[in-house]
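The values are calculated or read from the model by the stated rules, or taken from the named source; none is laboratory data. Because the structure is a prediction, the values reported are computed rather than measured. Cβ sites come from the backbone with ideal geometry, for glycine too, and all protein chains shown count toward neighbours.
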Amino acid sequence: HAKHAFLESVCFYDAGIGETVRKRRKLAEALRNALEHDQLGIYYQVQMSLSSGEVRGYEALLRWTHPQFGSIPPSEFIPVAEENGLVTPLGAWVLRRACQDAATWASPCRVAVNVSAVQFMDANLPRLVQEVLIETGLPPHRLELELTETALIRDKTRSLHIMRQIKALGVGVALDDFGSGYSSLETLRSYPFDKIKLDRAFVEGIERDRQSKAIVRAVLTLGKSLDIPVLAEGIETEDQIAILRAEGCDEGQGFLLGRPSPNVELATQGGPAPWEMIGYPSGHHRSV
Ligand code: C2E
Ligand code: MG
Ligand code: MG
Ligand code: MG
């Protein structure tokens, strides 16, 4: 989609190096300001069991609402934040807020928090996670961190060490956007992931092309052999969910099941319709 007007005005698309630096500095300032002035918020998107329709958890998705320029998507400001070190305080803020929120939920389900590459390679992350768990009282098994491959490949020894420390706390670690990287299988072989999140691109094609369906099936088989549950991302249609269920996919997430939303009650009102249509006991999945 089109670049956001705000980023266009502060970012790096046109001018020379001097201009680039100036504009990035301006964006960094705006972000820092956003952190201090409560322009950041978290939306939650439901993750459900595809076999029972039960809520398994919610993914925390960062939102920035700029007073002038409106909502700016994370895909546009996270990369910039990664380059100027801001992603560390930003990530800490998200982690703390998500754990605080989850501790207040009526149902003791999971909260999934995205961790960027830069944040993950910070040796202080395990200690931060531990502090936040103690501070918020959230049981470790209710927290899951979502990592992408790019978070890991830079330094295998280091990333494996950090991942083991996090897992030793009892916190789960999911491999996000599986299949979209260039060495996904090697990543799975080398790191002790607790979950595979199958990239939306494969779910998107599942009704149309044989290739996507074959790949989804292979990933599900792989997950079963490795004893790692698979969650399908970006489920938008009833056909997609029907195929994924038939193929034995463990969990799902997507607009059909619930849009990201500022609180979990709203996030769970995504739709009894698909569940009723495929025969789940009604209301079962709404119990948060
Ligand atoms: P992700 O972790 O893979 O998150 C899923 C993205 O897909 C979210 O976009 C979500 O709104 C979107 N999505 C969910 N269901 C559907 C669907 O059915 N169809 C379509 N088309 N999209 C769907 P969002 O919130 O814009 O986030 C984009 C990416 O930004 C995330 O991808 C994640 O990598 C990153 N991100 C979001 N929040 C954070 C955060 O707190 N920290 C870090 N480091 N990264 C974050
Ligand atoms: Mg994610
Ligand atoms: Mg993803
Ligand atoms: Mg993604």
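For the stretch 83-136, a residue qualifies if it is over 21 Å from ARG32 (Cα atoms) and of a type outside the set (A, V, I, L, M, F, W, C), and the qualifying residues are GLN100, ASP101, THR104, SER107, PRO108, ARG110, PRO126, ARG127, GLN130, GLU131, GLU135, THR136. Please work out if ARG97 is touching a His at 6+ places or on another chain (Cβ under 9 Å) and more than 20 Å from ILE162 (Cβ to Cβ). Here the answer is no, as ARG97 does not meet what is asked.
Answer yes or no as to whether LEU31 is more than 16 Å from ligand 3 (Cβ to nearest atom) and either at pLDDT 85 or above or surrounded by fewer than 14 Cβ atoms within 10 Å (Cβ to Cβ) (or both). Yes. In the stretch 217-238, is there at least one residue being farther than 22 Å from ALA112 by Cα, within 16 Å of ligand 1 (Cβ to nearest atom), charged (D, E, K, R) and outside any loop (DSSP other than H, G, I, E, B)? Yes, there is a match, as at least one residue in the stretch 217-238 is farther than 22 Å from ALA112 by Cα, within 16 Å of ligand 1 (Cβ to nearest atom), charged (D, E, K, R) and outside any loop (DSSP other than H, G, I, E, B).
One line per residue, one yes/no per condition, for (1) surrounded by 16 or more Cβ atoms within 10 Å (Cβ to Cβ); (2) within 16 Å of ligand 2 (Cβ to nearest atom); (3) under 25 Å from MET48 (Cα atoms):
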position	(1), (2), (3)
ALA151	yes, yes, no
ASP155	no, no, no
ALA174	yes, yes, yes
SER190	no, no, no
LEU198	yes, yes, yes
ARG208	no, no, yes
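Within the option set LEU169, LEU222, LEU188, LEU133, being of a type outside the set (Lys, Arg), at pLDDT 95 or above and over 18 Å from VAL94 (Cβ atoms) holds for one residue only, LEU222.
In the stretch 213-235, what residues are more than 18 Å from the chain's Cα centre (by Cα) and buried (at least 18 other Cβ atoms within 10 Å of the Cβ)? Selection gives ILE215, VAL216, VAL219, LEU220, GLY223.
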